[in-house]
Amino acid sequence: MRDVIGLLGTLALLALSYAFGISEGLNRWLTDQHWRYAAKAVGEPFAGITIVAIDDKTLASRDPATGKRFGRTGDWSRERYAQLLERLGRARAVGLDILFLDDGRDTAGDAAFAAAVARHGRVVLAFSQFVGDRSLTREDQQHIATLLGRAGIPAETAASGLQLIREDWLQPPLPALMQASAGLGLVEVSADVDGVHRHAVPLWSCGARGPVLPSFSLSVACVATGTANSALLPSPGVIALGQRRLPLSGGQLWLQPVARRPTVPGPGRPVRLVSFCDALRADPEAFRDQIVLVGETATGTGDIRPNPLDAGLRGVEFNAEVLANLLRLPPVRPLPAGPNLLLMLLALGLPLWLFRAASPRLATGLSALAGLVLWALMEVMFWAARLVPAWSLVLVGTMGATLIMGLMRLAEEERAKRQIRRSFSMYVAPEVVALIAEDPAIANQEGVRQNMAVLFSDVRGFTSYCEQNPPELVVAQMREYLSEMTLSVDNYQGVLDKFVGDAVMALYGPFLEPDADCCALAVASALDMLARLDSLNARWAERGWPELKIGVGIHYGAAILGNIGSERKMQYTALGDTVNTAARLESMTKELHVPLLVSDGARALAERVLGQLIEFGPLGQITVRNRATPVTVFTAVRRESAS
């Protein structure tokens, strides 16, 4: 039974780590660290690749023909690109990582550009996709058909499992440019959930009957190697570029990150950059047999493609990295499911067997050793064969199985003591656990009626707040908020009864001395909550997070206190009219436009202690649902003279 529980517990740990993204996040981080180390000795992955950069220098330079500043690319005549292509005439391939979807500033410049593309004969143009519904004219449909005819790979030669793209979303270049180009490629890329680009999508499928379209980088590689589109897919899941065979996984090409900007220190290599303005005056021999990518790197460009080495990598530099992976670097593949499953079974099974056969201390040591051996095996796979394993399966599996089995063995050796602590820690607050340890009789009480102050707080407009904000922000903001509210309760000797969503219920009186000023503690705790919220809002405003407002209600009276619940699950809590009234006072704060409401009974007791520090303002009587008599309520603020 212990082995079954240990196995199920470890599997549950693995499932939870996967469900909450911990497993994938750990895999990404560990793989990134391996690539960063590998990038320190990567050699020259960009040999034969040059970027002609439309950079800050270019934008600030003067055109030798007109004497005017280049300025932003949207103001350029496309004759400049024609002039550049004349200088790049001896390049092996030229990829223009720029979209030419509409007519330029002058028809003469457009015509000169198209003629230069045709004369060069090895120019690849980019096209994009428009995500969303749009109406297409007959001319738009003809342009898309031309694009599919020139760039598409027939569906019968396409591999299965490719990522899909809709034909009516395609945005092709100008028809004259399409006809003149040697290749066309989609510039769409795919980032992981953390925004980092670790894979490329070299091929996109237009559906079961539609053609397959190459990416921009793949199209440049085809022109550079003389590979026809029809020869790209010799077999499902494999790309062929000359003699190279590159495996795909889920339609993606796994990348070895090697690129970084020249201004960023660290592992990796920068791509050779030549400013656009300098390239216009360069000797054409400087680009002989080079694969040249032309794109923007100027400050303010929105084409940012972070990789594991550089969070500010420009899109054209990322395309150079994809090219290096297509043409030079060893192919990278994820470890297949079978070996990954075998590693996971070993990671789980070895600790389970060791804890059956050896003492807890020896089994822990041997399990750690087994984990190291499995880890070494994964390192060999990575460095020798560029197979990327699911690191977290072995790490979480070995550590989880060792931890769970170790704890279970310790539990057996100290059953009685651990059973008591485990039972009560499931439903009693930590401060109550400490009291129970000193006086076990507390745990056996069947209920007691005791005077106490009950505090309820709640975030105003929480439902609309949740609907209007992303879940990641809501979780992060509520974590900070509830952490601060917990401190306010703990600092004033309250018992944090429960969180009910965004609401906080706290008790002041249980486990205190009979003469303790529980109402003064509750009011001071409430004001501390409001002060902490002000500090939080100021900090959140700097981050651009929304402001939160809360209402707090406090009532004093008798309540039933004890272990409330079922046989399977209990909670140490309070019940009764005092609790209900405190909750309803909190809900009335919005109607009375105050953040804090204190009932008259609680106010009278608190004022005896806090009268010199806190000012109570009367708000009259209010009718509380399900109470026969009205409740006189006050609000409370710190006096200006109080510290």
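The values are calculated or read from the model by the stated rules, or taken from the named source; none is laboratory data. Just so we're clear, the structure is a prediction, and the values are computed from it rather than from any experiment. Backbone-built Cβ (ideal geometry, glycine too); neighbour counts: all protein chains shown. Ligands, DNA and RNA are excluded from the accessible area calculation, which covers all protein heavy atoms including side chains. Shrake-Rupley method; radii C 1.70, N 1.55, O 1.52, S 1.80 Å.
Here are the numbers for the structure shown:
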| quantity | calculated |
| --- | --- |
| Region 497-528: number of residues that are touching a strand residue (DSSP E or B) at 6+ places or on another chain (Cβ under 8 Å), open to solvent by 30 Å² or more (accessible area, probe 1.4 Å), of a type outside the set (A, V, I, L, M) and farther than 19 Å from Tyr481 by Cα | 1 |
| Within region 303-421, helices (runs of 4 or more DSSP H) holding 2 or more residues that are surrounded by fewer than 17 Cβ atoms within 10 Å (Cβ to Cβ) and either at pLDDT 90 or above or not charged (D, E, K, R) (or both) | 337-357, 360-385, 391-413 |
| Flag for Arg78 being modelled with pLDDT of 90 or more, under 27 Å from Met178 (Cβ atoms) and of a type outside the set (Val, Ile, Thr) | yes |
| Which numbered condition Arg272 misses (of (1) within 23 Å of Leu309 (Cβ to Cβ); (2) basic (Lys, Arg); (3) out of contact with any strand residue (DSSP E or B) (no Cβ under 6 Å at 6 or more places or on another chain)) | (3) |
| Pairs where the first residue, in region 31-51, is under 18 Å from Val94 (Cα atoms) and the second is modelled with pLDDT under 95 and of a type in the set (Ser, Thr, Tyr), C-beta under 9 Å, 6+ apart | Ile51/Thr297 |
| Selected residue (criterion: modelled with the lowest pLDDT) from residues of region 130-146 that are in a loop (DSSP other than H, G, I, E, B) and surrounded by 10 or more Cβ atoms within 10 Å (Cβ to Cβ) | Val131 |
| Unmet requirement for Gln83, which otherwise passes all of (1) of a type outside the set (Lys, Arg); (2) open to solvent by 40 Å² or more (accessible area, probe 1.4 Å); (3) under 16 Å from Ser275 (Cβ atoms); (4) free of Cβ contacts under 8 Å to residues at least 60 places away in the same chain | (4) |
| Residue check for Ala208: touching a His at 6+ places or on another chain (Cβ under 8 Å) and part of a loop (DSSP other than H, G, I, E, B) | no |
| Residues of region 457-486 satisfying the condition of being assigned to a helix (DSSP H, G or I), aliphatic (A, V, I, L, M) and open to solvent by less than 60 Å² (accessible area, probe 1.4 Å) | Leu473, Val474, Ala476, Met478, Leu482, Met485 |
| Number of the condition not met by Gly300 [criteria: (1) part of a loop (DSSP other than H, G, I, E, B); (2) buried (at least 18 other Cβ atoms within 10 Å of the Cβ); (3) of a type outside the set (D, E, K, R)] | (2) |
| Checking Gly74 against (1) more than 35 Å from the chain's Cα centre (by Cα); (2) open to solvent by 30 Å² or more (accessible area, probe 1.4 Å), the condition it does not meet | (1) |
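Residues checked against (1) open to solvent by less than 30 Å² (accessible area, probe 1.4 Å); (2) without any contact (Cβ under 8 Å) to a residue 12 or more places away in the chain; (3) more than 30 Å from Ala111 (Cβ to Cβ):
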{"residue": "Leu164", "(1), (2), (3)": "no, no, yes"}
{"residue": "Met178", "(1), (2), (3)": "yes, no, no"}
{"residue": "Gly183", "(1), (2), (3)": "yes, no, no"}
{"residue": "Val196", "(1), (2), (3)": "yes, no, yes"}
{"residue": "Ser205", "(1), (2), (3)": "yes, no, yes"}
